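Engineer: Supplied in structure tokens, the structure appears directly below.
The values are calculated or read from the model by the stated rules, or taken from the named source; none is laboratory data. Every value quoted in this text rests on a predicted model; they were computed, and no experiment measured them. Cβ atoms come from the backbone with ideal geometry, glycine included; neighbour counts cover every protein chain shown.
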Amino acid sequence: MIEVQHVTKRYGPVTAVNDVSFRVDSGQILGFLGPNGAGKTTTMRILTGCIPATEGTAIVAGYDVFEQPVEAKRRTGYLPETPPLYTDMTVREYLTFAARINGIGSGARRERVAGAMARTSVEDVADRHCGKLSKGYRQRVGLAQAILHNPDVLILDEPTAGLDPKQIIETRELIKDLAGDHTIILSTHILPEVAQTCQSVIIINKGQVVAVDTPANLTERLGGAETIRLEVDPLGADPEPALAAVPGVTGVTVAETANGSCVLDVQSERGTDVRRELARTVVSSGWGLLELSPLRVSLEDVFLQLTTSEEPKEEDADPEPAPEPADTTDTTEDPT
Amino acid sequence: MSNILAIAHKELRQYFVSPMAYALIGLFAIIYGWFFIVSLNFVVRVSMQAGMGMGGPPTVNINEYMMRPLLGNTAVVMLLVLPMLTSRSYAEEKRSGTIELLLSSPLTELQIILGKFLGALALFTAMLGVTLVHVAVLFIYGEPELGPILSGYLGLWLMGASFISVGLLISSASRNQMVAGVVTFGVLLMFWVVSWMGDPSSGSTTASVLAYLSILDHFEDFSKGVIDTKHLAYYISFITFGLFLTVKSVDSERWRG
């Protein structure tokens, strides 16, 4: 549905997007992750035909964005980072204008506008001026504009930015809902959002794709050993040797000790569940078991690992390829 | 075509929901009205003198003595007012990011530009339309000749359209509407005074080229009641070239992101 091949965008000497290739199948939601300035917005603007790429091709809904821009744009809905609202129009007028320039005939216009307003729940502000809306409403009016002409492809640049938690949930639901008959690319900073809504993730850093996979696979791939966090009250004893002796445990580290209780991170071999054994050991030793929970490598950790590069090597002229995903869960280094 | 009209309609709406359109039309009407009264007084004085046999022409031609200088002055007012009309058209869209809506919609650049041009032209036509009230007064109380007035208005309209095409071009290259307005005014002023460099009758090539470029010189014949294809061609090619450059400017803006 969307096929991007070797797209590069240069602004003079600055390469904003460098040889990006990916594809999204029909009906899928693709999450676009990356730190600020990674090239997410640039890639999206290229896909929507706002700006041309320096090199490469992008095919959206079967049409080449550079060769047949009008056809491609007809099938694309775009919500830019700042919703493109005319502040002096009411929401209804604005959406009617958007419908008109998207080629929706005057007969169907009213109905489409009402439909889009209902889906994004902005009906209660239909006759307010766009300039007077709160950030959350602006965002949703922008979204209404993007889905108005029922495009095959939706490109959403941070659709949940500036929304309150309830609206975020509603918007996510809406996006998931739309996924059936639309192909969606969304960019975001909020990683759980990707884990919850997207079927696949692209992590982009300094204009280059550093990882493409499903959220589950990404966390899996970088997870390595499994870690269990354990909080015990050892009644003055040292719990470490006893826990290390549990079959399947490969390492125990004491994370902190406070008020007599002791927090430990227990590493185990992959695929072995040592929780029962650990609990039995603690209880049979007469200690108090206060907490036992698996520590999952979150998408945050993956993201930080992939997008944080070694500082001293930065000085080189050519863009550094992203560091190899390390096989540890250590993410204590500064993300900036 | 429907896309062009959609943009034009939107532009016109935006002019009228803001105080912009009313301010411009009002300002234009007041200044035109002032010039009208002043030249009317002058004509009345001259014809009274003529009637009392105190010199001056035996009959005062109202077209020659009143409408021609009046339309000439109006052209100067347009020079001041039209940059305000066009300055926001692109600059504002770029500043607020709404240009992305237009660029990601199934429109061509030419359609967007023609739409904006027609929108501004429609407002300008309304501005000119309001001044017809004064002309109607002339027809009620006097007997001016219709022909030269019509050709004069045609000339003004074409000149205004040329000003708008320059204004659009400059607005498309700027993100700040103040800057766009000031630069447009400067450029239009240059097109006006460019012929002051030399006298074309001196036979110098530079002087006659510069005189040909002058946007106001071409208006002269229109105000006399002459519709010369030379001047028509000048204005039409001026407008076309201005819009063509605007397309190029928007295109290059996209490349630069």
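Engineer: Given the conditions (1) farther than 18 Å from A:Ser200 by Cα; (2) away from chain B (no Cβ under 11 Å); (3) hydroxyl-bearing (Ser, Thr, Tyr), which single one is not true for A:Thr42?
Structural biologist: Among (1) farther than 18 Å from A:Ser200 by Cα; (2) away from chain B (no Cβ under 11 Å); (3) hydroxyl-bearing (Ser, Thr, Tyr), A:Thr42 violates only (2).
Engineer: While we're looking at this one, here's another question. Have a look at B:Gly147, B:Gly115 and point out the one that is touching a Gly at 6+ places or on another chain (Cβ under 7 Å) and small (Gly, Ala, Ser).
Structural biologist: Details: B:Gly115 fails: touching a Gly at 6+ places or on another chain (Cβ under 7 Å).
After ruling out the rest, the residue left standing is B:Gly147.
Engineer: In addition: Just checking, how many residues over the range B:68-105 are touching a residue at least 12 places away in the same chain (Cβ under 8 Å), over 22 Å from B:Leu123 (Cα atoms) and not charged (D, E, K, R)?
Structural biologist: 2
Conditions tested, residue by residue: (1) more than 10 Å from chain B (Cβ to nearest Cβ); (2) modelled with pLDDT under 90.
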residue	(1), (2)
A:Thr76	no, no
A:Phe97	no, no
A:Ala108	yes, yes
A:Lys135	yes, yes
A:Val153	yes, no
A:Leu156	yes, no
A:Ile168	yes, yes
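Engineer: Exactly one of these conditions fails for A:Arg23: (1) out of contact with any strand residue (DSSP E or B) (no Cβ under 7 Å at 6 or more places or on another chain); (2) more than 8 Å from chain B (Cβ to nearest Cβ); (3) more than 30 Å from A:Leu133 (Cβ to Cβ). Give me its number.
Structural biologist: Condition not satisfied by A:Arg23: (1).
Engineer: Quick check: is even one residue across the range B:121-130 without any contact (Cβ under 8 Å) to a residue 12 or more places away in the chain and over 28 Å from B:Thr246 (Cβ atoms)? Spell out the reasoning first.
Structural biologist: Taking the range B:121-130 and keeping what is without any contact (Cβ under 8 Å) to a residue 12 or more places away in the chain, we get B:129.
In the following step, the residues that additionally are over 28 Å from B:Thr246 (Cβ atoms) were identified as none.
Among the residues of the range B:121-130, not one is without any contact (Cβ under 8 Å) to a residue 12 or more places away in the chain and over 28 Å from B:Thr246 (Cβ atoms), which makes the answer no.
Engineer: Being out of contact with any helix residue (DSSP H, G or I) (no Cβ under 9 Å at 6 or more places or on another chain), in a helix (DSSP H, G or I) and over 28 Å from B:Trp34 (Cβ atoms) is the filter here; which residues of the range B:92-136 pass it?
Structural biologist: Hit for the range B:92-136 is B:Ser96, nothing else.
Engineer: Counting only residues that are of a type in the set (Phe, Trp, Tyr) and within 30 Å of B:Leu103 (Cβ to Cβ), give me the helices (runs of 4 or more DSSP H) lying completely in the range B:156-257 with at least 1 of them.
Structural biologist: Values: elements: B:177-193, B:205-213, B:219-224, B:229-256.
Filter on the range B:156-257 gives B:177-193, B:229-256.
Engineer: Also, I was wondering about something else. Out of the residues in the range B:5-32 that are among the charged types (D, E, K, R) and crowded, with 20+ Cβ neighbours inside 10 Å, state the one that is nearest to the other protein chains (Cβ to nearest Cβ). Working first, answer last.
Structural biologist: Kept after step one, since they are among the charged types (D, E, K, R), are these residues of the range B:5-32: B:10-11, B:13.
Restricting the remaining residues to those that are crowded, with 20+ Cβ neighbours inside 10 Å gives B:10-11.
Details: B:Lys10: 5, B:Glu11: 11 Å.
The selected residue is B:Lys10.
Engineer: With the condition kept exactly as written, say whether any residue in the range B:137-147 is within 22 Å of B:Leu79 (Cβ to Cβ), out of contact with any Ser or Thr (no Cβ under 6 Å at 6 or more places or on another chain) and in a helix (DSSP H, G or I). Write out each step before concluding.
Structural biologist: Restricting attention to the range B:137-147, the residues satisfying the condition of being within 22 Å of B:Leu79 (Cβ to Cβ) are none.
No, the range B:137-147 has no match at all.
Engineer: Would you confirm whether or not the range A:188-195 contains a residue that is crowded, with 19+ Cβ neighbours inside 10 Å and part of a loop (DSSP other than H, G, I, E, B)? Lay out the reasoning, then the answer.
Structural biologist: Of the residues in the range A:188-195, the ones crowded, with 19+ Cβ neighbours inside 10 Å are A:188, A:191, A:193-194.
If we keep only those that are part of a loop (DSSP other than H, G, I, E, B) too, we end up with none.
No, because not a single residue in the range A:188-195 is crowded, with 19+ Cβ neighbours inside 10 Å and part of a loop (DSSP other than H, G, I, E, B).
Engineer: Just one of B:Phe238, B:Phe222, B:Phe244 is out of contact with any helix residue (DSSP H, G or I) (no Cβ under 6 Å at 6 or more places or on another chain) and either of a type in the set (Phe, Trp, Tyr) or modelled with pLDDT of 85 or more (or both); which is it? Working first, answer last.
Structural biologist: Details: B:Phe238 fails: out of contact with any helix residue (DSSP H, G or I) (no Cβ under 6 Å at 6 or more places or on another chain); B:Phe222 fails: out of contact with any helix residue (DSSP H, G or I) (no Cβ under 6 Å at 6 or more places or on another chain).
Of the residues listed, the single one that is out of contact with any helix residue (DSSP H, G or I) (no Cβ under 6 Å at 6 or more places or on another chain) and either of a type in the set (Phe, Trp, Tyr) or modelled with pLDDT of 85 or more (or both) is B:Phe244.
Engineer: Another one. Condition (residue is over 22 Å from B:Asn73 (Cα atoms), among the aliphatic types (A, V, I, L, M), surrounded by fewer than 20 Cβ atoms within 10 Å (Cβ to Cβ) and out of contact with any Leu (no Cβ under 6 Å at 6 or more places or on another chain)) applied to the range B:188-199: is it met by at least one residue?
Structural biologist: no
Engineer: Let me ask something else about it. Inspect all residues belonging to the range A:32-49 and state whether any of them is among the hydrophobic types (A, V, I, L, M, F, W, C), within 20 Å of B:Leu103 (Cα to Cα), buried (at least 17 other Cβ atoms within 10 Å of the Cβ) and in contact with a Ser or Thr (Cβ under 8 Å, 6 or more places away or on another chain). Walk me through it before giving the result.
Structural biologist: Filtering the range A:32-49 down to residues among the hydrophobic types (A, V, I, L, M, F, W, C) leaves A:32-33, A:38, A:44, A:46-47.
Imposing the further condition that a residue be within 20 Å of B:Leu103 (Cα to Cα) reduces the set to A:44, A:46-47.
The next check asks that each one be buried (at least 17 other Cβ atoms within 10 Å of the Cβ); those that pass are A:44, A:46-47.
So of that shortlist, the ones also in contact with a Ser or Thr (Cβ under 8 Å, 6 or more places away or on another chain) come out as A:44, A:47.
Yes, the conditions are met somewhere in the range A:32-49.
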